[in-house]
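**Student:** First the structure, which I've put down as structure tokens, then a few questions once you've had a look.
The values are calculated or read from the model by the stated rules, or taken from the named source; none is laboratory data. Given the structure is predicted, the values throughout are model-derived calculations rather than measurements. Counting neighbours? That spans all protein chains shown, and the Cβs are built from the backbone with ideal geometry, glycine included.
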Amino acid sequence: MTESGLIWIEATFYPDSPFMIGGGFESQNLRESQTFIPGSVIRGALAALILEARGWLWPAGELPEAGSDPLADRFCRTFLDQRRAVRMTALFPVPQGSPRTKEEKEPGERWDRWIGFPMPLTARQCKANPEHGIFDTALPIPGHTGGIGCPRCRERVARARGWLAYAAPATEETPENAAVDRERHYRKVAPARRTVTRVGINRFTETAEKGMLYSLRVVDDRHVVYRGFWPASEAAWEELESLLNETGWPAVAGQNERGWAVKVGGNRARGFGRGILVLRRLPGADRPGLPGLMQRVQMGQQEQIFLLTLQSPLILGDMLLGRESESSIRRWWSQEIFAQAGLTPPPGWEWVPELSVLEWSTVSGWSQAWRLPKAVQPALAAGSVLAYRLAGTPSAAATAAAEATATAAEVGQQLTAFLAQVERNGLGLERLAGFGDVVVCHPFHWDANPGRARNQRPATATAKGGRSEVS
Ligand SMILES: [Zn+2]
């Protein structure tokens with residue numbers, strides 16, 4: 001796969017009905033939907049669209065054996081081949097429409113679309129006065145020692161949870177001209193849910209089952225759409241597009257763009273989960289929507305710390321089991337986790353446990369293909385932050401010698417190439433289903449660090465629903 005053949009696909013889901021995606025809170029007769037669309041769910045929805053058109057969707061039919069049908073082979077390449085498939089990552093809630101509408105007043109500025117991401121575990125919010133905003137603690141806070149209090153009133157703080165949407169000035173499409181520290185805009189997004197109560201139907205009598213009432217907290221918010229970015233090779237994208245075109249399903253118009261009618265989540269027979277998925281091929285090899293990778297790496301170099309922030313759970317399987325000595329754990333996080341994903345870190349790359357913030361969770365789900373629950377697996381939670389440094393960083397070792405400068409430039413190139421691969425490949429297991437998705441040096445950690453960014457205004461979260469205002 002050549003470097004030039006790598007692209008990103010913008011995937012936006014426009015819901016047409018409420019949806020119910022499992023994995024949220026559950027107790028007795030109440031089930032609550034998650035407020036985002038996991039990669040495995042949208043991948044399953046797209047696969048179902050293609051398989052159904054061919055009559056290959058279980059239980060009506062099944063995928064022909066490898067080699068017996070060219071179309072089936074193309075399907076496998078696009079969805080299952082570790083090296084060639086499109087990596088379909090999660091779609092996060094963002095406000096409907098463009099950030100431009102509100103910001104247009106400022107002359108000469110163009111604004112791109114919102115992109116969404118899970119709140120990092122390092123984000124904090126004032127307990128006494130939530131309107132004091134969200135701030136971030138991943139990087140040291142200048143002038144702050146001891147326990148972390150609210151930067152405005154010094155009151156106690158709690159972890160901030162939920163989703164953030166980010167809008168970068170569109171001028172950053174040309175990163176070499178954009179200043180790193182320019183003001184950026186963040187919004188907290190909390191898609192609204194509502195409760196629907198249903199009667200359980202007995203399969204055999206097809207009548208209401210006595211005593212079987214249950215409630216679903218479904219996501220129903222007209223102000224929110226769901227967006228993600230999928231790394232792919234040019235060839236894989238063309239393959240996916242032609243597979244979709246060949247289904248014979250009409251591409252339907254959604255928000256003036258052509259898209260595909262897909263169904264996500266559960267309770268679809270009751271009309272939930274319908275929507276339009278719009279796929280757009282984007283130019284450029286860098287992760288879209290954020291400042292260019294080179295810029296973000298430079299931010300890390302200035303700090304001498306590189307943050308890898310998980311956008312989705314990182315599944316490690318049994319890879320860490322039995323590792324008890326400090327050196328083996330350090331080596332695993334510094335080298336082996338990357339080797340497992342086929343990546344080679346630059347010399348001196350090492351994990352910084354004291355600055356990493358990790359939390360364990362579990363992932364599971366329902367396999368639509370098999371009509372069976374998926375296995376429950378431990379995973380590092382989305383929002384976890386892995387911190388790294390480059391031992392003997394060029395800036396520390398820089399001397400007047402031209403030779404040393406050349407080496408520093410080489411190390412910088414090697415580092416950027418490695419981190420670009422981390423963003424494209426992801427880490428851990430089940431990467432094709434969107435797990436282990438990583439953003440390198442997320443600007444939030446800089447922008448929301450009190451007292452760091454010159455123009456910084458911490459993202460202020462108020463109210464709820466898709467229209468939450470920020471600072
Ligand atoms: Zn406060």
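**Student:** Out of Gly265, Gly162, Gly200, Gly254, which single residue is assigned by TED's automatic domain parsing to the domain that holds Phe25 and modelled with pLDDT of 80 or more?
**Tutor:** Being assigned by TED's automatic domain parsing to the domain that holds Phe25 and modelled with pLDDT of 80 or more holds for just one of Gly265, Gly162, Gly200, Gly254, which is Gly265.
**Student:** I need the full set of residues from the range 118-162 which are in a loop (DSSP other than H, G, I, E, B), within 16 Å of the ligand (Cβ to nearest atom) and charged (D, E, K, R), in order please.
**Tutor:** Hits for the range 118-162 are Lys127, Arg152, Arg154, Glu155, Arg156.
**Student:** Of all residues being closer than 19 Å to Arg424 by Cβ and aromatic (Phe, Trp, Tyr) in the range 301-348, which is surrounded by the fewest Cβ atoms within 10 Å (Cβ to Cβ)? Just the residue, please.
**Tutor:** Among residues in the range 301-348 that are closer than 19 Å to Arg424 by Cβ and aromatic (Phe, Trp, Tyr), the one surrounded by the fewest Cβ atoms within 10 Å (Cβ to Cβ) is Phe338.
**Student:** Any residue that is in contact with a helix residue (DSSP H, G or I) (Cβ under 9 Å, 6 or more places away or on another chain), within 30 Å of Pro378 (Cβ to Cβ) and assigned to a strand (DSSP E or B) - is there at least one of those in the range 290-300?
**Tutor:** No, that holds for no residue.
**Student:** Out of (1) out of contact with any helix residue (DSSP H, G or I) (no Cβ under 8 Å at 6 or more places or on another chain); (2) under 17 Å from Arg87 (Cα atoms), the odd one out for Gly271 is which?
**Tutor:** (2)
**Student:** Let me ask something else. All but one of (1) modelled with pLDDT under 70; (2) assigned to a strand (DSSP E or B); (3) surrounded by 13 or more Cβ atoms within 10 Å (Cβ to Cβ) hold for Arg187, so report the exception by its number.
**Tutor:** That leaves (1) as the condition not met.
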